[in-house]
1. Could you check the range 240-280 and list, in sequence order, the residues that are open to solvent by 10 Å² or more (accessible area, probe 1.4 Å), among the hydroxyl-bearing types (S, T, Y) and touching a residue at least 40 places away in the same chain (Cβ under 8 Å)?
2. Could you list all residues from the range 22-39 that are open to solvent by less than 10 Å² (accessible area, probe 1.4 Å) and in contact with a Lys or Arg (Cβ under 9 Å, 6 or more places away or on another chain)?
3. Quick one: T123 ticks every box in (1) in the same structural domain as L80 (by TED's automatic domain parsing); (2) on the phi < 0 side of the Ramachandran plot; (3) more than 15 Å from the chain's Cα centre (by Cα) except a single one, so which number is it?
4. Does V176 satisfy the condition of being assigned to a strand (DSSP E or B), crowded, with 16+ Cβ neighbours inside 10 Å and in the same structural domain as N76 (by TED's automatic domain parsing)?
5. Looking at the range 201-236 only, could you name the residues that are surrounded by fewer than 18 Cβ atoms within 10 Å (Cβ to Cβ), within 27 Å of the chain's Cα centre (by Cα) and over 27 Å from N122 (Cβ atoms)?
6. Going by the conditions given, is E163 free of Cβ contacts under 8 Å to residues at least 24 places away in the same chain and either part of a loop (DSSP other than H, G, I, E, B) or closer than 25 Å to A273 by Cβ (or both)?
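The values are calculated or read from the model by the stated rules, or taken from the named source; none is laboratory data. For clarity, every value in this text was computed on a predicted model and none was experimentally measured. Cβ placement follows ideal geometry from the backbone for every residue including glycine, while neighbour counts extend to all protein chains displayed. Ligands, DNA and RNA are excluded from the accessible area calculation, which covers all protein heavy atoms including side chains. Shrake-Rupley method; radii C 1.70, N 1.55, O 1.52, S 1.80 Å.
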Amino acid sequence: MGWLVGLALFVSGGLGVANAQPTPRVAAIDWGQAQTLIAIGAAPVAMAQIASYGDWVGGPAVPDSVRELGLRVQPNMELLSQLDLDAITITPMYANSRTRLAQVASVESIDVYYHEGSAWDNTVESTRKLARLVHREAAAEQLIETTRADIEAAARRLPADPEPLLVIQFIDARHVRVFGDNSLIGNVMTRMGVANAWQEQTNFWGFALVPIERLAAIENARMAVLDPMPVGVAEEIASSVLWQSLPAVRDRPILDLPAVWSFGGLPSATRFARGLAAAYDGRETAGETETPESAP
């Protein structure tokens, strides 16, 4: 009978190997999707603008094995065709590239901002969709739960009843992105119990692009500034009477925050929450990375 047991073990072992699904070879055009794939242990074979990802997204770090595809809006098609890909992931932002990319591999468009639902819920769902694509469903659920726990832990580090925040990112010395409640950043603030001082209209990505004088009417708020700061802007605003006269700048110390990809995945949500807590409690300081010439 021993030989029957051995045969059964051999067959079941063989079936296990046969049923195991190798990780698909995926290229990522969008940074938020790239960071999510890295976070769930299925780093893309290739992605776009890796150096700029480091400046604007911050993490998780891109493994050395990941190939550089060039610009997100104009990826290296010759390289893509050489990578034996199973899929290329995009968002609707890159829909114009879909026809060209489809000549290389199946194109999966996974969306956060172009349909109904909160940025948080859509980001969670996009994480699950990416995980199904690369057979990392359990890792995705772990990432979702860990992100929730990290945000809750960061919230506990904030002062009691924090003042409303204006969260901005400089485009140049006179213009900023200001993030509303419908952005990923705004959703994280809500989860942390922090009111958003910006209650005016935003675009479907959750921010408004405004001249800084639009912020002059907002009082009883605190300013939080996301890195990276465009080259030369720190020097310009240091001597700007307009900037210095804004109530959120004049009346309270500014909170300096590390670079966070506001259009990113759950790792960006955690990075913002931790950066905000660190800015309040002083245990860390935000990075001083300067942007390459202009914002993406």
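1. S240, T270, Y280
2. Scanning the range 22-39 gives A27, I29, W31, L37.
3. Failing condition for T123: (3).
4. Numbers: assigned to a strand (DSSP E or B): yes; crowded, with 16+ Cβ neighbours inside 10 Å: yes; in the same structural domain as N76 (by TED's automatic domain parsing): no.
No, not satisfied.
5. Scanning the range 201-236 gives P211, R214, V231, G232, A234.
6. Values: free of Cβ contacts under 8 Å to residues at least 24 places away in the same chain: no; either part of a loop (DSSP other than H, G, I, E, B) or closer than 25 Å to A273 by Cβ (or both): yes.
Answer is no for this residue.
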